[in-house]
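Engineer: Have a look at this one.
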Amino acid sequence: MMIKETSLRRDPDLRGELAFLARGCDFVLPSRFKKRLKSFQQQQVQSKPEKKPGTPPPLPATATPVPTQRSPSPPPAPVIVTPPPPAINIPRFYYPHGLPALGPAANHDIVITAIETAFTEFEEEKADIYEMGKIAKVCGCPLYWKAPMFYATGGERTGFVSVHSFVATWRKLLHSCHDDASRFIYMLSKPGSNYLEQEDFIPLLQDIVDTHPGLTFLKDAPEFHSRYITTVIQRIFYVVNRSWTGRINMTELRRSNFLQTLALLEEEEDINQITDYFSYEHFYVIYCKFWELDTDHDLYIDFKDLARYNDHASSNRIIERLFSGAVTRGNAVQREGRMSYAEFVWFLISEEDKKNPTSIEYWFRCMDADGDGILSMYELEYFYEEQCERMERMGIEPLPFQDLLCQMLDLVKPESTGKITLSDLKRCRMAHIFFDTFFNLEKYLDHEQRDPFAVQKDIDNEGPEPSDWDKYASEEYEILVAEETANEQLHEGAFDDDYEAEELQVPGEIGNKIEKLVISDLTA
């Protein structure tokens, strides 16, 4: 049964009943509904007009459309075909082993020929470590590259290097390494490594100790060889290894002056004139300072020993941070409660030259107690508390922390309010005053008594002046030498007095006679 939609719209009661029935599960029409539905359908049939056969249905009345004048369409735009951009040829700019020379490779053959000619002057065309100096010069390298060359070509195993093994190694090096830094690391590092560790420098420095004219006096004191070598290695890593990894890579070596300083050893016979890395006077100062603190002379010092340095100038809280491992380099684990001689080298240089970039990083790590890379106001107050206690014991009224904090913030001018970062301290050029304020009372009081205009003059001075470390080492060396000379003269004077007393000793009878003569002369 089909029910038209229009019929349902005209009978709202019918729609309502249908909706009511649709809510049920079974669609069953009751009798009353059937009757109403039948009557409704009859009315629909009667209301339709009768159609005569052949009469077309009337047309609907539609308005006659008025033709509108259409504007002519614009001509189609020409399609512009954009050609693809040409391929940009970016030249290579990263050469980890140095920029290759633009000249022909035949230059390598010239060097190899010169090396083979140099080896013919040696017996059986074999060179020992001392004869390698001539080979180093033929290769265009500094004299003291001879030890790395000797060990890189297998000389350690046999005690000499043959022409064939050296040429094979050098030819490979010329094709893979194109600058001094990469060649130096290639020869001195372990096989397969592209970095230098501390023990890699031992053969080089031992050769310098054995052959440099400025260190000939060490031949009679072999026990100091290892001490001097340890000192030089620590100074090298202190300056060169800016990444604090304990490994010197090619980039760090290129940025440093180490290779240039190493080349100067050949020209300068007085090694003390080369203050960077190799100065024996600097080694003497460092070792004497350590020897004074190391009372049991086991080459380790503890907390109490280090606290005695410079008459207890450093605070206990900063020393605690030193022994906590805050400045341990690389993956090495610091011995609990003890500082080695190598670590003392870092401490002494950092303590006496707080303008050095490595020194700023050294003390920043110590003061950054929570290791978040920021010196907060709480950390500054923690270190300043002990300074106040020490000043009060000395009868000095300390500056309140709030006032001191304002001074330090004006001094450093940090980028973020209330946070001092490592870059802030390096940029302000006043890091030495900042650090001394919080953990070195003696130097802090010196800064307070100094003319502020003199401090600003030191900052503005851009001339090539010796570093604070060079000044300290020079002054301390003179003091140590003067003390040593005085002790020797005192010892010699005591020895001469004893010798003269023995010579002037006379028998008792003669002595009595002389005494009587003197008395008689006085009474006459």
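The values are calculated or read from the model by the stated rules, or taken from the named source; none is laboratory data. This one's a predicted model, so the numbers in the text were calculated from it and none came from an experiment. Don't worry about glycine lacking a Cβ; one is built from the backbone with ideal geometry, like all the others, and counts go over all protein chains shown. Ligands, DNA and RNA are excluded from the accessible area calculation, which covers all protein heavy atoms including side chains. Shrake-Rupley method; radii C 1.70, N 1.55, O 1.52, S 1.80 Å.
Engineer: For region 303-330, name all the residues that are closer than 22 Å to TYR238 by Cα and without any contact (Cβ under 8 Å) to a residue 60 or more places away in the chain.
Structural biologist: Within region 303-330, LEU306, TYR309, ILE319, GLU320, ARG321, LEU322, PHE323, SER324, GLY325, ALA326, VAL327, THR328 qualify.
Engineer: Right, here's the next one. Any chance you could count how many residues in region 129-162 are within 25 Å of PHE278 (Cα to Cα) and not in a helix (DSSP H, G or I)?
Structural biologist: 7
Engineer: Right, another one. Would you mind stating whether THR231 is out of contact with any strand residue (DSSP E or B) (no Cβ under 8 Å at 6 or more places or on another chain) and over 27 Å from ASP270 (Cβ atoms)?
Structural biologist: no
Engineer: Would it be correct to say that MET339 is modelled with pLDDT under 95 and either open to solvent by less than 10 Å² (accessible area, probe 1.4 Å) or under 18 Å from SER314 (Cβ atoms) (or both)?
Structural biologist: Values: modelled with pLDDT under 95: yes; either open to solvent by less than 10 Å² (accessible area, probe 1.4 Å) or under 18 Å from SER314 (Cβ atoms) (or both): yes.
For MET339, the condition - modelled with pLDDT under 95 and either open to solvent by less than 10 Å² (accessible area, probe 1.4 Å) or under 18 Å from SER314 (Cβ atoms) (or both) - is met.
Engineer: Just one of ASP424, ASP410 is in the same structural domain as ASP311 (by the TED database), crowded, with 16+ Cβ neighbours inside 10 Å and charged (D, E, K, R); which is it? Before you say what the answer is, go through the steps one by one.
Structural biologist: Working: ASP410 fails: crowded, with 16+ Cβ neighbours inside 10 Å.
Exactly one residue qualifies, and that residue is ASP424.
Engineer: So in region 179-199, with the set limited to residues that are open to solvent by less than 60 Å² (accessible area, probe 1.4 Å), in contact (Cβ under 8 Å) with a residue 12 or more places away in the chain and assigned to a loop (DSSP other than H, G, I, E, B), which one is nearest to ALA118 (Cα to Cα)?
Structural biologist: Result: ASP179.
Engineer: If you don't mind, there's one more thing I want to ask. Could you tell me which of the residues PRO100, PRO75, PRO85 is in a loop (DSSP other than H, G, I, E, B), surrounded by 10 or more Cβ atoms within 10 Å (Cβ to Cβ), on the phi < 0 side of the Ramachandran plot and modelled with pLDDT of 65 or more? Write out each step before concluding.
Structural biologist: Numbers: PRO75 fails: surrounded by 10 or more Cβ atoms within 10 Å (Cβ to Cβ); PRO85 fails: surrounded by 10 or more Cβ atoms within 10 Å (Cβ to Cβ).
Going through PRO100, PRO75, PRO85 in turn, just one is in a loop (DSSP other than H, G, I, E, B), surrounded by 10 or more Cβ atoms within 10 Å (Cβ to Cβ), on the phi < 0 side of the Ramachandran plot and modelled with pLDDT of 65 or more: PRO100.
Engineer: Here is a check on your reading of the model: is PHE224 under 30 Å from GLU281 (Cβ atoms), in contact with a helix residue (DSSP H, G or I) (Cβ under 9 Å, 6 or more places away or on another chain), modelled with pLDDT of 95 or more and not in a loop (DSSP other than H, G, I, E, B)? Spell out how you get there, then give the answer.
Structural biologist: On the way: under 30 Å from GLU281 (Cβ atoms): yes; in contact with a helix residue (DSSP H, G or I) (Cβ under 9 Å, 6 or more places away or on another chain): yes; modelled with pLDDT of 95 or more: no; not in a loop (DSSP other than H, G, I, E, B): yes.
It is false that PHE224 is under 30 Å from GLU281 (Cβ atoms), in contact with a helix residue (DSSP H, G or I) (Cβ under 9 Å, 6 or more places away or on another chain), modelled with pLDDT of 95 or more and not in a loop (DSSP other than H, G, I, E, B).
Engineer: Now a separate question. Which of (1) touching a helix residue (DSSP H, G or I) at 6+ places or on another chain (Cβ under 8 Å); (2) surrounded by fewer than 16 Cβ atoms within 10 Å (Cβ to Cβ); (3) modelled with pLDDT under 95; (4) not hydroxyl-bearing (Ser, Thr, Tyr) is the odd one out, the single condition GLU465 does not satisfy?
Structural biologist: Tallying (1) touching a helix residue (DSSP H, G or I) at 6+ places or on another chain (Cβ under 8 Å); (2) surrounded by fewer than 16 Cβ atoms within 10 Å (Cβ to Cβ); (3) modelled with pLDDT under 95; (4) not hydroxyl-bearing (Ser, Thr, Tyr), GLU465 fails exactly one: (1).
Engineer: Let me ask something else. So which of ASP294, ASP270, ASP276 is more than 29 Å from MET391 (Cα to Cα) and either out of contact with any Gly (no Cβ under 6 Å at 6 or more places or on another chain) or surrounded by 15 or more Cβ atoms within 10 Å (Cβ to Cβ) (or both)? Lay out the reasoning, then the answer.
Structural biologist: Numbers: ASP294 fails: more than 29 Å from MET391 (Cα to Cα); ASP270 fails: either out of contact with any Gly (no Cβ under 6 Å at 6 or more places or on another chain) or surrounded by 15 or more Cβ atoms within 10 Å (Cβ to Cβ) (or both).
None of the other options fit; the residue is ASP276.
Engineer: Go through region 144-166 and give me each residue that's under 38 Å from the mean Cα position of the chain (by Cα) and open to solvent by 50 Å² or more (accessible area, probe 1.4 Å).
Structural biologist: TYR151, GLU156, ARG157
Engineer: Does region 419-428 contain at least one residue that is touching a Ser or Thr at 6+ places or on another chain (Cβ under 9 Å) and at pLDDT below 95? Lay out the reasoning, then the answer.
Structural biologist: Of all residues in region 419-428, those touching a Ser or Thr at 6+ places or on another chain (Cβ under 9 Å) come to 419-420, 424.
Those left that are additionally at pLDDT below 95: 419.
Taking every residue of region 419-428 in turn, at least one turns out to be touching a Ser or Thr at 6+ places or on another chain (Cβ under 9 Å) and at pLDDT below 95.
Engineer: Same structure again: Looking at SER359, SER324, which is the one that is at pLDDT 95 or above, outside the structural domain of GLY133 (by the TED database) and within 22 Å of PHE383 (Cα to Cα)?
Structural biologist: Values: SER324 fails: at pLDDT 95 or above.
Residue meeting the stated conditions: SER359.
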